1. From (1) open to solvent by less than 20 Å² (accessible area, probe 1.4 Å); (2) touching a Gly at 6+ places or on another chain (Cβ under 9 Å); (3) in the same structural domain as G32 (by TED's automatic domain parsing), pick out the condition that doesn't hold for A184.
2. Kindly indicate the residue of the stretch 123-160 that is touching a residue at least 40 places away in the same chain (Cβ under 8 Å) and of a type in the set (K, R) and also surrounded by the fewest Cβ atoms within 10 Å (Cβ to Cβ) among those meeting that condition.
3. If you check L170 against the conditions, is it of a type in the set (A, V, I, L, M, F, W, C), open to solvent by 30 Å² or more (accessible area, probe 1.4 Å) and assigned to a helix (DSSP H, G or I)?
4. If you take the residues in the stretch 170-200 that are more than 18 Å from A213 (Cα to Cα) and of a type in the set (A, V, I, L, M, F, W, C), which one is farthest from the chain's Cα centre (by Cα)?
5. Please go through the stretch 207-225 and pick out each residue that is surrounded by fewer than 22 Cβ atoms within 10 Å (Cβ to Cβ) and β-branched (V, I, T).
6. Working only within the stretch 163-187, note down all residues that are within 12 Å of the ligand (Cβ to nearest atom) and touching a residue at least 40 places away in the same chain (Cβ under 8 Å).
7. When you look at L96, is it in contact with a helix residue (DSSP H, G or I) (Cβ under 6 Å, 6 or more places away or on another chain) and not assigned by TED's automatic domain parsing to the domain that holds N216, yes or no?
8. List pairs: first residue in the stretch 228-240 and within 15 Å of E347 (Cβ to Cβ) and at pLDDT 95 or above, second residue outside any loop (DSSP other than H, G, I, E, B) and open to solvent by 60 Å² or more (accessible area, probe 1.4 Å) anywhere in the structure, Cβ distance under 7 angstrom, at least six positions apart or on different chains.
Amino acid sequence: MNRLEQVRDALKGAGVDALWVSHPANVRTLTGFTSPADGKVLVTADAATLYTDARYTVQAQQESAIPQFIARPPETYRHAAAAVAGGRVGFEADHLTVAGLEELRTHWPEAELVALSGVVQELRQIKSAGELEAIRAAQTLADRVFAEVRPMIRAGVRELDVALEIENRLRQAGATAAFDVIVASGPRGAMPHGVASERVIEAGELVTVDMGARLNGYNSDMTRTVAVGEPSGEMRRVYRAVLEAEQAAVAAVKPGMRAAELDAIARDILAGHGLGEAFAHSLGHGVGLEVHEGPGLRGTSEDVLAAGMVITIEPGAYLPDVGGVRIEDLLLVTETGHEVLSHAPKEDV
Ligand SMILES: CSCC[C@H](N)C(=O)N[C@@H](C)C(=O)N[C@@H](C)C(=O)O
């Protein structure tokens, strides 16, 4: 079943006749259109249309796997009105703005609008062979760039210059950074999302580098914490605890595993080292067209791992005013267990 057929199947299950798709990553997965922020898709039982405007006429013709209608609202809505009249039409409640919903109500008075959540996102959790190839390529590039830039992470260098070098090398390879590169040195390491600043790295510090490549629309995500000189005994102890938690969680990844259980494996190990409170975020997340997508690997998650999912495992420990450590790998869940997709070496701190 292709993704469009899967969506139609899901719509039947949800008791709706059509879906108005407004979330860019979902527009892209259903069409292949690479400017999905300027597109919408209407999926009905027997048709699917990409709506975008005249800036993209040629691009949409070249890229879209489904027929296109080139217009701007309100013409877009008027065109779709005939297909939705008299039916129950789902919309993506997590993405459609209140104003967007009002527009649908105004232009489709004969449709019953139904709030749906995560219909396409759930399908996106299982990657196709082509998607996997794209994610692998993104991670291979990220591994290469990290290896090239690692030697410049030393005392006297600004975090920003490390990040710029990473971004520049990703750009040169035809990619972009998947998100603002995180380079958090010394006490800034206590900020899980400490994007690179003007701070100058000092000897004896740990430096957390969290980076991803976005290549052909697909993302990678990986974190390494590296030592510059000799870090303190306390930070070495924290590093080893995080590494132990990461390795244990990675080893446990297999289909059928509950995400919450996986989160608990890492969290319990860190708690055993007195770092339970210091692990201030979830264990990981799915990666694909979005850096953060399903499944969610956190204590409250109902998600269960399945073959074909691409996930991160990324425990961390953050000590305010002292420093922090995060170690993150990108993994594919396979039929028999998992494959680690990120290969940048982890240092022996
Ligand atoms: C702004 S994208 C940052 C990507 C980074 N590698 C990352 O995923 N960091 C995690 C600490 C994170 O943000 N986790 C989320 C899913 C959370 O815990 O809510």
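1. (3)
2. Selected residue: R154.
3. Considered against the rule, which asks whether it is of a type in the set (A, V, I, L, M, F, W, C), open to solvent by 30 Å² or more (accessible area, probe 1.4 Å) and assigned to a helix (DSSP H, G or I), L170 comes out as no.
4. The qualifying residue farthest from the chain's Cα centre (by Cα) is V200.
5. Of everything in the stretch 207-225, nothing turns out to be surrounded by fewer than 22 Cβ atoms within 10 Å (Cβ to Cβ) and β-branched (V, I, T).
6. Selection gives A178, F179, I182, A184.
7. Details: in contact with a helix residue (DSSP H, G or I) (Cβ under 6 Å, 6 or more places away or on another chain): no; not assigned by TED's automatic domain parsing to the domain that holds N216: yes.
No: the conditions fail for L96.
8. none
The values are calculated or read from the model by the stated rules, or taken from the named source; none is laboratory data. No experiment lies behind these values; they were computed from the predicted model shown. Methodologically, a virtual Cβ is constructed for each residue, glycine included, from the backbone with ideal geometry; neighbour enumeration extends over all protein chains shown. Areas reflect the complete protein model, heavy atoms only, side chains present, ligands, DNA and RNA absent. Shrake-Rupley method; radii C 1.70, N 1.55, O 1.52, S 1.80 Å.
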